[in-house]
1. Can you give me the Cα centroid spacing of the stretch 175-198 and the stretch 259-302 in angstrom?
2. What does the charge count near residue 163 come to, summing +1 for each Lys or Arg and -1 for each Asp or Glu among other residues with Cβ under 15 Å from its Cβ?
3. Measuring from centroid to centroid over Cα atoms, what is the spacing of the stretch 118-163 and the stretch 1-60 in Å?
4. Using Stokes-Einstein with the Kirkwood hydrodynamic radius over Cα pairs, what translational diffusion coefficient do you get for the chain at 20 °C and a viscosity of 1.002 mPa s, in µm²/s rounded to a whole number?
5. Please give the charge dipole size of the chain, origin at the Cα centre, charges +1 on K and R Cβ atoms and -1 on D and E Cβ atoms. Round to the nearest 20 debye.
6. Which residue, 226, 187, 92, has the most motion in a Gaussian network model of the chain that connects Cα atoms within less than 10 Å?
7. Anyone know which of 272, 28, 160 comes out most mobile in the 10 Å Cα GNM of the chain?
8. Of 183, 136, 144, which is the most mobile in a GNM of the chain whose springs link Cα atoms less than 10 angstrom apart?
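What follows is calculated from the coordinates using simple rules that are stated; it is not laboratory data. Keep in mind that this is a model prediction, so the values were computed, not measured. Neighbour counts run over all protein chains shown; Cβ positions are idealised from the backbone, glycine included.
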Amino acid sequence: MLMGIIICLIIAIPSYILGTYFPIIGGPVIAILAGMAVAIVLKDKSAFDRGIKFVSKKVLQWAVILLGFGMNLSVVAETGLQSLPIIISTITVSLLVAFFLSKALRIQKNTGALIGVGSSICGGSAIAAASPVIGADDEEVAQAISVIFFFNVLAAIIFPALGTVIGFSTSSGEAFGIFAGTAVNDTSSVTACASTWDSMWGLGTETLDKAVTVKLTRTLAIIPITLVLAFLRTRKEGTDSKVSLKSVFPFFILFFVLASVITTICTAFGVPDSAFTPFKTLSKFMIVLAMAAIGLNTDIVKLVRTGGKPLVLGLSCWVSITAVSLLMQHILHLI
C-alpha cells in the first residue's frame, strides 16, 4: 500500500505546485497527464497497485467529504433540487443511446450496459455496483472502466476551455459547476474540471462546491438503476439477483452531508467561514493526489488498440450527455 501512495505523492506534489503557476491547466489535469506518462514507462505496476487503487478511490472520497465543510446545508439542498431536471434528462438520454447503439454496433451486452451506466451516473462507482448484478466478468468490467476513464481525462482537459468558448460566466462558478456535475462521467474528473475552472478565474472553491453537490445528487441514481438491472436479469434468466443496499449505496455522500450539517450549526453559532478554509485547501490537494492515481491506472495504448466499438459507444454517450446538459441549462435560463 505504502509504495503506491508514495508514487502518487511524487506525482501529485509537483503537479499541485505547477497548477498554482499555470491555473489555466490546473493541478488535477497536470497530475492526470503525468500519471498517464509514468504508466507508459512503468511496465510493471504490481508493487504499486494496492496503494494506487486506495488513493484513486478512498482519498477521492475523503476529498469530497472535506468539501462538505464550509457548505451550508440549505445551499446543498437547493443545488440538488436545481440540478435535478438536468440530471434526469442526461441519465435518460445516455441510457437510451447506450441501449440502441450497443445493439446497432453489436457490442457485448454486459459491456454496453456497463458503459451506459458508467457514462450516465458516476463512472467507475456505478460500474462496480452494476457489474455483479448483471453477471459481468472481469474483462468486461475492465474494458468499461477504461472507456469511462478515457473520456474522463478528455473532459478534465477539454471542458474548461469549452466553457470559455461557450461563454459561461467567469465571475460565478454556478453555471459551469452545474455543467461539470451533470456532463462529466466520474467524480474524479468532475472535481478536476471544476477545480481548473476555479483556478482559471480565481473563484476559490465556488465552482467545485457546486459541481460536487450536483454530482453527488446524480450519484444517488446508482440505487434505482442497479435495482432495475437486477429486476430485468431476474425476469429474463429466472435467476435470483438480490441486491444489497449496503453494496450499492454511496455512503460517503452521507458523510459529505454530515460535514455540511456541522458547518451549518457552527456558522449559526458565529464561527467564521474562514475557519473551514484549511479543509478546502486539503481537499484540493487530495483531488490532485487522486488524479495522479487515476492517470497511473489508465492504459491509453491498450484501450485504443483493443476498444474500437466500446470507444465509439462511450463517445456517443459522452457527447449526448454534454449536449443535453447544455440544452437543459439553456432552457432553465442558467446560461
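1. Centre-to-centre distance over Cα atoms comes out at 14 Å.
2. Charge balance near residue 163 sits at -2.
3. The stretch 118-163 and the stretch 1-60 have Cα centres spaced 19 Å from each other.
4. Taking Rh from Cα pairs, D becomes 108 µm²/s.
5. 700 debye
6. 92
7. 272
8. Ranking 183, 136, 144 by mean-square fluctuation puts 136 first.
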